[in-house]
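Report on the structure given below.
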Amino acid sequence: MRRRCFCNVVIEALTVAALPLARASTSGAGEREQQHTSSYCNSRAQAGEEEEEEMNVDFGAPKELAGGLQQRRALYQPRLPPCLQGLTVRAEYGDATTTIDPSCANVVAQAFPNTFGQPLVSFVAPADAAAAEERTPIRVGVVFSGRQSPGGHNVVWGLHDALKAYNPQSVLYGFVGGTGGLFANKTLEITDDVLASYKNQGGFDLLGRSIDQIRTTKQVNSAMATCRNLNLDGLVIIGGVTSNSDAAQLAETLIQNNCKTKVVGVPVSLNGDLKNQFVETTVGFDTVCKVNSQLVSNVCLDAISAGKYYYFVRLMGRKASHVAFECALQSHPNMLILGEEVALSKLTLMEIINKICDGVQARAELGKYHGVLVIPEGLIESIPEMYALIQEINILHNNNVPVAEMPSQLSPWAAALFQFLPPFIRRELLLHQESDNSAQLSQIDTEQLLAHLVETEMIKRTKEGRYKGRKFSSVCHFFGYQARGSIPSNFDCDYAYALGRISLHMIAAGLTGYMATVANLKDPVDKWRCAAAPLTAMMSLKRHLRGPGAIPIGRPSIHPSPIDLKGKAYELLREKASSFLLDDFYRTPGGIQFEGPGSDAKPITLTIENQDYMGDIEILKECLSKVETSNPSICLEFQIETFLVNEQASNIDMTTDDVSQVRTMVKPGCSREILKAAISSMLSVTDVLTVMSHPLNAELPLYHFK
């Protein structure tokens, strides 16, 4: 029996709302746009690696900030948490880490024997304010490896400032052209003069980016050769899930080859899908969502003003729908279709179309012939039959089958589905793969596919007499690249700058195979907690099937984190579903505010969810310490019912001699569910110990004995 997802809730509440794609009066323009898009995509694919080799010679060149806003933003000084405000920091080493999926721990340990199980490291202000002693200059390189994301420049700025504070003679090299520049040893020395026109600015044009991978043996060896040639003490890799997975592998390889360079990662990704126990959100996500939310809200107001179009809006988000989810909470479109709920409920393409049409029909009964539907770009891969078709096409690409011959080599069922699809979708599905061998989802017009099929279904319903409203008309939009170069929000400026400074302290502490992290982000900056988490603690194996009982396969890596369909933010969305669908409860967040009210606003999904994993780790440590220091003669038996390895409850005789059993099972890196279950059990134990350790005439929390 399928679980009720957001789509189902909406449909049950008076049917699902969705917004069609404008092909009525705008159909001619739409066809011309499709032809232009297809030709552009094909030209990009044909250009291939040759286009990637062309480096922009102006990267890093000082530039004049033409606009008053740019000039004013360049003066903004990011705020820092207390531990980073002094000249020195103190590193506190915690317990050894494990992986979020216990069943994968042994595989990860075998693949990363030198970096697996490293301790969690917290950075705190030094105990005294003594002046820092003379420190040896260090040499660090930095590279943009992921897609451009607002705030990336501030990571470099924070790294530079911390490096110069560490020792003014230290040197920071930026690799020009992304990983391509890393392989070719094309560098630019980062100085105050170079940074002056890039502080708090959008884009990655300080250094640029290219193929976003450090994966093949040739690439890894080239990177290692560059590190040795420049005598680098550290290399900072700025990017998302793929880039940080590559960073982990590079760190392991450098250790194996006795290369001194320490490799650290920084979570920068506009998709916001690098989320786990240690990473609450990524740099750039807040800005991108604010920009897109304004665009979506503008479309909502346009829809209700004209009263005759359904707008289909596709937003960034490949493997996870975080951008679409956050933008829906900020702008309140009539319907949101998340890839996660489609995958969970195994909704077919036509089931999705019927739900959208039901929503259109329900609104028509209220006299409403307009609306807005928001989807993520990765939705098409979440539809079971489309996912299988894309996988077959990927296999043909990997086998170097010419594009013209691919349709004839598909399996019978895949060929039938392929022929069912509109010609423009067929062309886009066959485009050459991304650098990670995945489909070019940003070039697949899923919103136009849905609009086309909805229009067809509404015509059918009209002929059958099931729909008696106006003719369905739609307009389509893809908001993707428009937000990537935006001036970053205050939150992203502060967050990125702090991560840059943390990166330097990680290298100075000799850490490698780690990611810079900040916890407690929903609170003011002075409450933020800075740390370094091992990259291997964020790793797992891909599942052969999507769902319970799936078999882990492949090489360990960091994977995109999907939306938590059991989380508080999703529950809020479910509560508002029927109102969003039928009431036109549109919200206008407006543009990004840099000063005054709203300037410190953070993502709604960040503020709603309780993600303080690092704080929970500290609570568990305090509980274990209390038990260890209690009367050794006290012995209590309790259960920790968690999702431990075999998802079975474990009985533990809790004495001061075997607290280590809990420490062994509940290491940093374990899932939030395991950690919270352990805390709940340990709090019960400490409560009992408190009662038993007090004399009978003492005042207790609940009783007063006389």
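The values are calculated or read from the model by the stated rules, or taken from the named source; none is laboratory data. Bear in mind that the values here come from a model prediction, so they are computed numbers and not experimental data. So basically every Cβ, Gly included, is an ideal-geometry build from the backbone, and we count neighbours across all protein chains shown. Please note that ligands, DNA and RNA were not included when accessible areas were found on the heavy atoms of the full protein model with its side chains. Shrake-Rupley method; radii C 1.70, N 1.55, O 1.52, S 1.80 Å.
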Rotationally averaged projected area of segment 413-462 (alpha carbon convex hull; nm²): 4.1
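Below 14 angstrom from the Cβ of Leu504, what's the summed charge of the other residues (Lys, Arg +1; Asp, Glu -1)?
Working: positive: Arg135, Arg139, Lys164, Lys262, Arg501; negative: Asp161, Asp233.
Once positives and negatives cancel, what remains is +3.
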Approximate spin-label separation Tyr387-Glu134, in nm, with each point projected 7 Å along Cα-to-Cβ: 6.1
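Could you please state how large a percent of the accessible area of segment 369-512 is carbon and sulfur, counting protein chains only and using a 1.4 Å probe?
Details: 2710 of 5060 Å².
Using a 1.4 Å probe with all protein chains present, segment 369-512 comes out at 54 percent carbon and sulfur.
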Calculated P(r) tail over 14 Å for segment 452-520, as whole % of Cα pairs: 75
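Would you please put 266-275, 245-254 in order of how densely packed they are, using the mean number of other Cβ atoms within 10 angstrom per residue and starting with the highest?
Numbers: 266-275: 29.7, 245-254: 24.7.
So the peptides 266-275, 245-254, ranked by packing, come out 266-275, 245-254.
Step through the table entries Lys522/Lys568; Lys275/Lys568; Lys275/Lys522; Lys522/Lys602; Lys199/Lys262; Lys308/Lys471, compare each Cα-Cα distance with 18 Å, and write down the pairs that go over it. Let's see the in-between values first.
Details: Lys522/Lys568 15 Å; Lys275/Lys568 16 Å; Lys275/Lys522 14 Å; Lys522/Lys602 7 Å; Lys199/Lys262 26 Å; Lys308/Lys471 9 Å.
Going by Cα-Cα distance, Lys199/Lys262 fall outside the 18 Å limit.
Want the number for Ala165 to Leu75: 0.36 nm per residue separation, take away the alpha-carbon distance, what's left? Show your work: numbers first, answer last.
Working: separation 90, 0.36 × 90 = 32.40 nm, distance 1.98 nm.
The Ala165-Leu75 span can extend by a further 30.4 nm.
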Table column - 3J(HN,Hα) (Hz), segment 589-601, Karplus curve with 6.51, -1.76, 1.60, x for Gly and Pro: x, x, x, 5, 9, 9, 9, x, x, x, 6, 9, 5
Rule-of-thumb Rg ratio for segment 383-478 [Cα; 2.2 N^0.38 Å; N residues]: 1.28
Kirkwood-Stokes translational diffusion coefficient of segment 93-161, alpha-carbon pairs, 25 °C, 0.890 mPa s, µm²/s: 149
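Given 0.36 nm per residue, what is the gain on full extension from Asn257 to Gln85 after removing their alpha carbon distance, in nm? All intermediate terms of the calculation are to be shown ahead of the outcome.
Working: separation 172, 0.36 × 172 = 61.92 nm, distance 3.61 nm.
The Asn257-Gln85 span can extend by a further 58.3 nm.
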Placed amide H near Ala96: partners under 5 Å, 5+ positions off or other chain: none
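Top to bottom by accessible area (1.4 Å), largest first, where do Tyr495, Tyr586 land?
Working: Tyr495 0, Tyr586 40 Å².
So, going from the largest accessible area down, we get Tyr586, Tyr495.
Send over the per residue convex hull volume for segment 364-428, Cα only, as a whole number of Å³.
Numbers: hull volume 8.3 nm³, N = 65.
For segment 364-428, the hull spanned by Cα atoms encloses 127 Å³ per residue.
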Estimated distance in nm for a label pair at Glu571 and Lys346, the labels positioned 7 Å out from Cα along Cα-to-Cβ: 2.8
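Could you please report the charge total around Ala415, scoring K, R as +1 and D, E as -1 over all other residues with beta-carbon less than 13 angstrom from its beta-carbon?
Details: positive: Arg426; negative: Glu385, Glu392, Glu405.
Residues close to Ala415 contribute a combined charge of -2.
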For peptides 283-289, 191-197, sequence by mean Cβ density within 10 Å, most packed first: 283-289, 191-197
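How far, in nm, would the chain grow between Asn229 and Thr462 when pulled straight, counting 0.36 nm per residue and subtracting the alpha carbon separation?
Values: separation 233, 0.36 × 233 = 83.88 nm, distance 7.07 nm.
Full extension from Asn229 to Thr462 adds 76.8 nm.
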Calculated FRET value between Ala61 and Ser680, using beta carbons and R₀ = 45 Å, to 0.05: 0.20
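Compute the signed sum of charges (Lys and Arg +1, Asp and Glu -1) over the other residues within less than 9 Å, Cβ to Cβ, of Ser145. Don't jump to the answer; show the numbers that get you there.
Working: positive: Arg209; negative: Asp212, Asp246.
Surrounding charge for Ser145 is -1.
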Estimated distance in nm for a label pair at Lys527 and Gln593, the labels positioned 7 Å out from Cα along Cα-to-Cβ: 1.9
